[in-house]
Amino acid sequence: TDQLTRCYGDFRAVANVSFAIQPGEIVGLLGHNGAGKTTIMKMLTGYLEPSSGTVRVDGVDVEKDPLTVQSQLGYLPENLPLYPEMSVSDYLAFTAKLRGVDPRMAVQRAIAATDLQEKALEPISTLSRGFKQRVGVAQAILHEPRFLILDEPTNGLDPNQTQHMRDLSKRLSSNATVSLSTHIVQEVDAICERALNLRDGELVLDGRLQ
């Protein structure tokens, strides 16, 4: 990103934020609620246009060519876009078709990666918060993206579910560049190699954890 800024009327949610993420990194956006983490992630995905500044993913300007970027990107939003009446496998097959990939191979691969085998035929409405988060990750990796953006991936999870999500994030980083957001310092320490600390929409620290 280069001087990324987003305003809502007179309120600046993100102010002149610049950073670069290298291939294979696991980077955490750390900050309190309202610090600008979700707004930045929405701009990284092309879901939200910046008021000024630019976002480039693999050299491609997201605002000018969002479809090229989105074809290589997986996104777990803070509020999961799940259809509760569908089974896990049917939902993932539907999402795979939207992504333009063969559901037969993609769904099986994503279910295995997220350890959802025991829930594959269950309606999403019956799942716990932890399993719903896994479904959210599964839809994000169906097309084997090179870039993965996870917004508050452990929010609302119990300790066991949190540890599973941490382990999953680390495994996914072997094939993708991973960015995640959290307001919990321990989360960044457990998963990430580098932290971007945001406060009131500004980047106040960018450093490697060691």
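Multiplying the residue separation of Arg208 and Cys7 by 0.36 nm and subtracting their alpha-carbon distance yields 69.5 nm. Phi angles across region 61-78 convert, under the Karplus curve 6.51 cos²θ - 1.76 cosθ + 1.60 with θ = phi - 60°, into 3J(HN,Hα) values of 6, 4, 5, 7, 9, x, 5, 5, 5, 5, 5, 10, 10, x, 9, 9, x, 4 Hz, Gly and Pro given as x. Between helix 159-172 and the chain there is an angle of about 80 degrees, using the helix long axis and the longest principal axis of the Cα atoms. Rounded to the nearest percent, how much of the accessible area of region 117-210 (1.4 Å probe, protein heavy atoms only) is carbon and sulfur? Answer for region 117-210: carbon and sulfur cover 45 percent of the accessible area. With contacts taken as Cα pairs under 8 Å at a separation of at least 6 residues, region 1-91 carries a relative contact order of 25 percent.
Ligands, DNA and RNA left out, the 1.4 Å accessible surface of region 16-58 is 47% carbon and sulfur atoms.
Averaged over its residues, region 1-90 has an accessible area of 50 Å² per residue, based on protein heavy atoms and a 1.4 Å probe.
For the chain, the longest principal axis of the Cα atoms and the long axis of helix 103-113 meet at an angle of about 70 degrees. Excluding same-chain neighbours fewer than eight residues apart, the aspartates and glutamates reachable from Lys119 by a Cα-Cα span under 17 Å are Glu85, Asp90.
Kirkwood's formula applied to the C-alpha pairs of the chain gives a hydrodynamic radius of 17.4 angstrom. Counting only Cβ charges, +1 for Lys and Arg and -1 for Asp and Glu, the dipole size of the chain around its Cα centre is about 260 debye. Considering only alpha-carbon pairs that sit under 8 angstrom and 6 or more positions apart, the relative contact order computed for region 36-76 is 33 percent. Going by accessible surface with a 1.4 Å probe and the largest first, Glu193, Glu118, Glu63 read Glu118, Glu63, Glu193.
With the simple model of a label 7 Å out from the Cα in the direction of the Cβ, Asp158 to Asp115 spans 1.4 nm.
The reciprocal of the average 1/r between distinct C-alpha atoms defines the Kirkwood hydrodynamic radius, which for region 49-153 equals 14.4 Å. Toward the positive end of the charge dipole of the chain, with +1 on the Cβ of Lys and Arg and -1 on the Cβ of Asp and Glu, the farthest Cα among Val101, Phe131, Pro84 is that of Val101. State, as an integer percentage, the relative contact order of the chain based on alpha-carbon contacts under 8 Å between residues 6 or more apart. Dividing the mean separation by the residue count of the chain yields 31 percent. Ordering of 142-151, 120-129, 48-57 by packing is 142-151, 48-57, 120-129, highest average first (other Cβ atoms within 10 Å, averaged per residue). Straight Cα distances below 16 angstrom link Lys64 to the lysines Lys42, with same-chain residues fewer than 8 positions distant left out.
The residue among Asn33, Gly201, Tyr47 whose Cα reaches farthest toward the positive pole of the charge dipole of the chain, with charges on the beta-carbon of Lys, Arg, Asp and Glu, is Tyr47.
The values are calculated or read from the model by the stated rules, or taken from the named source; none is laboratory data. Worth saying up front: this structure is predicted, and the values here are computed from it rather than measured. Every residue, glycine as well, gets a Cβ built from its backbone with ideal geometry; the counts of neighbours run over all protein chains shown. Accessible surface is based on the protein model in full, side chains and every heavy atom, while ligands, DNA and RNA are left aside. Shrake-Rupley method; radii C 1.70, N 1.55, O 1.52, S 1.80 Å.
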